[in-house]
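Worksheet: the structure to be examined is printed underneath.
The values are calculated or read from the model by the stated rules, or taken from the named source; none is laboratory data. Keep in mind that what you see is a predicted model, and the values were worked out from it rather than measured. For neighbour counting, all protein chains shown are included, and Cβ atoms are generated from backbone atoms with ideal geometry for every residue, glycine included. With ligands, DNA and RNA removed, areas are computed over all heavy atoms of the protein, side chains included. Shrake-Rupley method; radii C 1.70, N 1.55, O 1.52, S 1.80 Å.
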Amino acid sequence: MNDLVMEERPNVENPVMLVGLTGWMDAGHVSTGTVGYVREHLKARRFAEIDPLDFYIFNFPVTTLPISIYLDDGRPVVTPINPMEFAALFRPHCRINDGLVDEVSYPANEFWVAEEHNLIMFIGEEPHLRWGAYCDCIFGICEELGVRDVYFVGSVASPVPHTREPRISVSVSDPLLKQKFEGVGFRFGDYQGPSSIITSLTYYAPEVGLNWSNLVVEVPH
């Protein structure tokens, strides 16, 4: 199956790509919300998508009854969770009207273009499976359209007050890219721990000739 479905080839020349993803770094919907706002403001049109069927877990096997543990007046309480309610978190949404199945909604992973601004946008949902193939789809669009510079906009929940100027951390795929962010009030991130697919895309970007930069803002819990 062809994971990348390209409906047309936009009329662009070495465009810049802006990326927003749900999942690990979309606290407060800043990532998808920002790119979505730009998409609407520039009246972009969709031109390609990643077929979602092989990238997500839709049927989570529940072999034992899940449990929920919480505190009640300082005492731990263990309660069962309905297995169907738990499994429903992973399943696509459907709609049946008068006995007719007329809609099944899967995670959307779509590429948009604003030709007048020479800008490509990608808004998607971080995949559960086949990260390599998912990365290849994004890299494939970049190669096809001559994209060289990619910017991811993300966010993380942090213990910061909403009354202060937001702090933005930057990470890049190449040390030379740090020069463009110096002196503008951003800081370069230091982090060790679980990663997102954005980290993988950034790590492998130099192998496909891409300059990849990530701007991640801290938002209040």
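May I ask you to compute the full-extension gain from residue 53 to residue 187, defined as 0.36 nm times their residue separation minus their alpha-carbon distance, rounded to one decimal in nm?
Net length gain for the segment: 44.4 nm.
Name the longest site-free stretch of the chain, where the excluded sites are GluC sites (Glu not before Pro) in a DSSP loop with no more than 11 other beta-carbon atoms within 10 Å.
14-181
How many nm separate the modelled label positions at residue 106 and residue 77, each set 7 Å beyond the Cα in the direction of the Cβ?
In this crude spin-label approximation the distance works out to 4.1 nm.
Using a 1.4 angstrom probe on heavy atoms only, work out the carbon and sulfur share of the accessible area of the chain in %.
Taking all protein chains in place, the chain shows 53 percent carbon and sulfur surface.
Each residue of the stretch 198-213 in turn: what ³J(HN,Hα) in whole Hz from Karplus with 6.51, -1.76, 1.60 and θ = phi - 60°, glycine and Pro shown as x?
Result, ordered by residue: 4, 4, 5, 4, 5, 5, 8, 4, x, 5, 10, x, 10, 9, 10, 10 Hz.
Considering only the other residues whose Cβ falls under 15 Å of the Cβ of residue 149, what net charge follows from Lys and Arg at +1 and Asp and Glu at -1?
Within the 15 Å Cβ shell, the charges total 0.
In nm, to one decimal, how far is the residue 88 label point from the residue 160 one, both placed 7 Å along Cα→Cβ?
The modelled label-to-label distance comes out at 3.6 nm.
Calculate how many DSSP beta bridges within the stretch 1-135 are antiparallel, expressed in % of all such bridges and rounded to the nearest 5.
The answer is about 75 percent antiparallel.
Counting only heavy atoms of protein chains, what accessible area per residue, in Å², does the stretch 112-191 have with a probe of 1.4 Å?
Here the per-residue accessible area is 57 Å².
Give the long-range amide H neighbours of residue 155: residues separated by 5 or more places, or on another chain, with amide H under 5 Å away, using H modelled in the peptide plane at 1.01 Å from N.
It is 26, 27, 31, 217, by chain and number.
Counting other Cβ atoms within 10 Å of each Cβ, which chymotrypsin sites (Phe, Trp or Tyr not before Pro) in the stretch 123-221 have at most 12 and sit in a DSSP loop?
Answer in residue order: 191.
Using Cα centres only, tell me the gap between the stretch 124-140 and the stretch 184-200 in whole Å.
If we compute the Cα centre of each part, the gap is 19 Å.
Shape call for the stretch 3-58 from the C-alpha gyration tensor, a ≥ b ≥ c root eigenvalues: rounded (a/c under 1.5), prolate (a/b greater than b/c) or oblate?
oblate
If you work out percent of Cα pairs over 26 Å apart from the coordinates, which of (i) 37; (ii) 29; (iii) 46 do you get?
The value matching this structure is (iii).
Hey, how many Å between the Cα centroid of the stretch 1-26 and the Cα centroid of the stretch 95-114?
The distance from the Cα centre of the stretch 1-26 to that of the stretch 95-114 comes to 19 Å.
When all alpha-carbon pairs of the stretch 108-221 are counted, what percent fall beyond 18 Å?
Of all Cα-Cα pairs in the stretch 108-221, 56 percent lie more than 18 Å apart.
Could you tell me whether the stretch 55-172 comes out rounded, prolate or oblate from its Cα gyration tensor? Rule is a ≥ b ≥ c as square roots of the eigenvalues, rounded for a/c under 1.5, then prolate if a/b exceeds b/c, otherwise oblate.
oblate
Along the Cα→Cβ direction, 7 angstrom out, place labels at residue 2 and residue 45. What is the inter-label distance in nm?
Distance between label points: 2.0 nm.
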